[in-house]
Amino acid sequence: MISSKVKHRFFYSFPIQLLIVLLKKNHLLLLYWIILFGWVTNSSSQTFGIPYLFLDPEYMATVGFTSFLIIGFATGSFIMVFNISSYIMNGFRFPFIATLSRPFLKYTVNNFIVPALFVLTYITNIIYFQINNEYQGIWNILSQVLGFIVGLSVMIMITLTYFFRTNKDVILMFGMESSDSDPNAPFARHIIDGDEKEKILQAITAQ
């Protein structure tokens, strides 16, 4: 059986806490994801044909690598906008991230649950739709899925590269030691007094 200590660590892990905050506090962001899940699972807006724009997109009258590449770009953009919005709205709830180097990157990596679930759901429904509705062969389907993954990955890497160059963390702004540079150092060594805490919270909102 799973020990209570393991359950406690799992529940209070950063990714799970970000998911809980999304469910409890960020209902508008959650609504966007619900709408997208409805479209890619072909369970909503069928009358208007919206799911087909995701499951069988056309570019230059052709469904293939390029059309899914464009969908991948769009999905990657949406995921990064979601992460940026979540970071702005929820960063102050987790003050410790202000002591980390590249805080936005670490926030994005830990905020993976919903985007990853969406990507897996979307790819699964692409394969199912192309096999059962379009009667595509395995190589055509692999090409389509590859196009989506490439577009998604390129857009995310471009966005993160931009933030690598422009994101100012606490180390650069205040000359503080990042907590991840010394895992054994207690958090109290980095947060000394109330004024310094205020600076960290300001740093979160300024990024």
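The values are calculated or read from the model by the stated rules, or taken from the named source; none is laboratory data. Note that this is a predicted model, so its numbers are computed, not measured. Counting neighbours? That spans all protein chains shown, and the Cβs are built from the backbone with ideal geometry, glycine included.
Worth pointing out:
- Unique match (being surrounded by fewer than 15 Cβ atoms within 10 Å (Cβ to Cβ), within 19 Å of Ser153 (Cβ to Cβ) and of a type in the set (Val, Ile, Thr)) among Val81, Val114: Val81
- Boolean, Ile88 is surrounded by 18 or more Cβ atoms within 10 Å (Cβ to Cβ), within 15 Å of the chain's Cα centre (by Cα) and of a type in the set (A, V, I, L, M, F, W, C): no
- Subset of the range 95-108 (residues that are aromatic (Phe, Trp, Tyr) and surrounded by fewer than 19 Cβ atoms within 10 Å (Cβ to Cβ)): Phe96
- On the stretch given as the range 124-159, residues that are outside any helix (DSSP H, G or I), loosely packed, with under 13 Cβ neighbours inside 10 Å and without any contact (Cβ under 8 Å) to a residue 12 or more places away in the chain total 2.
- Taking the range 1-69 and the helices (runs of 4 or more DSSP H) fully enclosed by it, the elements with 3 or more residues that are over 19 Å from the mean Cα position of the chain (by Cα) are at 4-11, 50-55.
- Test result for Phe10, modelled with pLDDT under 90, farther than 27 Å from Phe129 by Cα, surrounded by fewer than 18 Cβ atoms within 10 Å (Cβ to Cβ) and not basic (Lys, Arg): yes
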